[in-house]
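See structure below.
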Amino acid sequence: MQVPDDAFAFSPDPIGRTAWNPDTMTHRYRRYTRRVGIASSLKELRHYSATQLLEAGTDLNTVAGRLGHAEGSTTLRFYAQFTRPADQRAAAVIPSQLDELRKKERLRELYRQHLPASAAEGLADLAAIIGPQAGLDEHTALAWLTEFRLHALLNWTVGVLAVLWWAPSG
C-alpha cells in the first residue's frame, strides 16, 4: 500500500485520503486522558509540544512549520512559554560574558606591565605567567595576548602611514 504525500495523519482511511472530523480526535483524546487520570486537552498538548521544542533549542522556523504557522512570530506569541530552566540559562549569559570581559581587561593590564621588549620574546611564556593571574588558562591567555599585540602593531602601522601620507613632499 502506497501512502500519498498529501495523506491526512488522522484518517479513518488506512492511506489517509479523508480526514476525520477534528472533534473526533479531541473527543478521543479527552476520553483517553480521563481514563488514565490526566487533566489535559489537545490544545494544551500542542502548547506543551511547541514550548518543549523551543526550550530544547529547536529553531523557530522548524517549530513554526510543525505547527502550521507561516510566521515564527505567531509561534512565539502563542506557544513560547516562560520556563524556569530557560530563564536560568538566560540569566547566566550576561554575567558570564562580563566575567570574561573582566578577565580580558585584567590580562590587558598585566600585559602592559610586562610588555615584552621585542616581538621575538615569547607570548606563550608570558601567557603561562600572567594568564593564571587573570583567571585564564594558558591557551585563552595566549589567544588574547596575540590579539593585543596585533592591535598594537596595526595601530602603529596606521600611525606611521598617516605620518608618511601627510608629510610634506619635496
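Can you run down the residue pairs with Cβ atoms below 8 Å, 6 or more apart or on separate chains, where the first is in region 134-161 and free of Cβ contacts under 8 Å to residues at least 40 places away in the same chain and the partner is among the aromatic types (Phe, Trp, Tyr)?
136/144; 145/111
Under the condition of being outside any helix (DSSP H, G or I) and under 25 Å from residue 154 (Cα atoms), which residue from region 116-135 is modelled with the highest pLDDT? Working first, answer last.
Looking only at region 116-135, we keep the residues that are outside any helix (DSSP H, G or I), and these are 116-122, 131, 135.
If we keep only those that are under 25 Å from residue 154 (Cα atoms) too, we end up with 116-122, 131.
Numbers: 116: 62, 117: 57, 118: 54, 119: 55, 120: 51, 121: 63, 122: 83, 131: 93.
It comes out as 131.
Where the second residue is surrounded by 10 or more Cβ atoms within 10 Å (Cβ to Cβ) and at pLDDT below 85 and the first is aliphatic (A, V, I, L, M) and lies in region 13-26, which pairs have Cβ atoms under 6 Å and are six or more apart or on separate chains?
Sorted first by the residue in region 13-26, then by its partner, the pairs are 25/10.
Please find, within region 41-69, the residue that is surrounded by the most Cβ atoms within 10 Å (Cβ to Cβ) out of those that are within 21 Å of the chain's Cα centre (by Cα), of a type in the set (Gly, Ala, Ser) and part of a loop (DSSP other than H, G, I, E, B).
56
Quick check, is residue 70 among the hydrophobic types (A, V, I, L, M, F, W, C) and under 26 Å from residue 22 (Cβ atoms)? Spell out how you get there, then give the answer.
On the way: among the hydrophobic types (A, V, I, L, M, F, W, C): yes; under 26 Å from residue 22 (Cβ atoms): yes.
Considered against the rule, which asks whether it is among the hydrophobic types (A, V, I, L, M, F, W, C) and under 26 Å from residue 22 (Cβ atoms), residue 70 comes out as yes.
Give the residue that is modelled with the highest pLDDT, with candidates limited to residues of region 70-100 that are in a helix (DSSP H, G or I), more than 19 Å from the chain's Cα centre (by Cα) and not polar (S, T, N, Q). Step through it out loud before you land on a result.
We begin by selecting, within region 70-100, every residue in a helix (DSSP H, G or I); these are 72-79, 84-100.
Restricting the remaining residues to those that are more than 19 Å from the chain's Cα centre (by Cα) gives 74, 77-79.
Next, from what is left, pick out any that are not polar (S, T, N, Q): 77-79.
Numbers: 77: 84, 78: 81, 79: 76.
Once the filter is applied, the top-ranked residue is 77.
Spot the failing condition for residue 165; the list is (1) among the hydrophobic types (A, V, I, L, M, F, W, C); (2) under 21 Å from residue 101 (Cβ atoms); (3) surrounded by fewer than 13 Cβ atoms within 10 Å (Cβ to Cβ), and only one is missed.
Unmet condition: (2).
What is the one condition in (1) among the β-branched types (Val, Ile, Thr); (2) at pLDDT 90 or above; (3) surrounded by fewer than 13 Cβ atoms within 10 Å (Cβ to Cβ) that residue 140 does not satisfy?
Evaluating residue 140 over (1) among the β-branched types (Val, Ile, Thr); (2) at pLDDT 90 or above; (3) surrounded by fewer than 13 Cβ atoms within 10 Å (Cβ to Cβ) leaves (3) as the failure.
Would region 62-69 turn up any residue that is touching a residue at least 12 places away in the same chain (Cβ under 8 Å) and more than 29 Å from residue 3 (Cβ to Cβ)? Step through it out loud before you land on a result.
Filtering region 62-69 for residues touching a residue at least 12 places away in the same chain (Cβ under 8 Å) gives 63, 66-67.
Narrowing the set further to residues that are more than 29 Å from residue 3 (Cβ to Cβ) leaves none.
Within region 62-69 (the criterion being touching a residue at least 12 places away in the same chain (Cβ under 8 Å) and more than 29 Å from residue 3 (Cβ to Cβ)), the answer is no, since none of the residues qualifies.
Mind listing whichever residues of region 1-31 are of a type outside the set (D, E, K, R), assigned to a helix (DSSP H, G or I) and either modelled with pLDDT of 90 or more or more than 38 Å from the chain's Cα centre (by Cα) (or both)? Can you show your working first?
Going through region 1-31, the residues of a type outside the set (D, E, K, R) turn out to be 1-4, 7-12, 14-16, 18-22, 24-27, 29.
Remaining after also requiring assigned to a helix (DSSP H, G or I): 22, 24-27, 29.
Of everything in region 1-31, those that are of a type outside the set (D, E, K, R), assigned to a helix (DSSP H, G or I) and either modelled with pLDDT of 90 or more or more than 38 Å from the chain's Cα centre (by Cα) (or both) turn out to be 24, 27.
What pairs can you find where one residue is in region 40-58 and over 11 Å from residue 30 (Cβ atoms), the other is assigned to a loop (DSSP other than H, G, I, E, B), and their Cβ atoms are less than 8 Å apart, with a gap of 6+ or different chains?
47/81; 50/80; 51/80; 51/81; 51/83; 54/80; 55/83
The values are calculated or read from the model by the stated rules, or taken from the named source; none is laboratory data. The shown structure was predicted, so the numbers you read here are calculated from the model rather than taken from an experiment. Methodologically, a virtual Cβ is constructed for each residue, glycine included, from the backbone with ideal geometry; neighbour enumeration extends over all protein chains shown.
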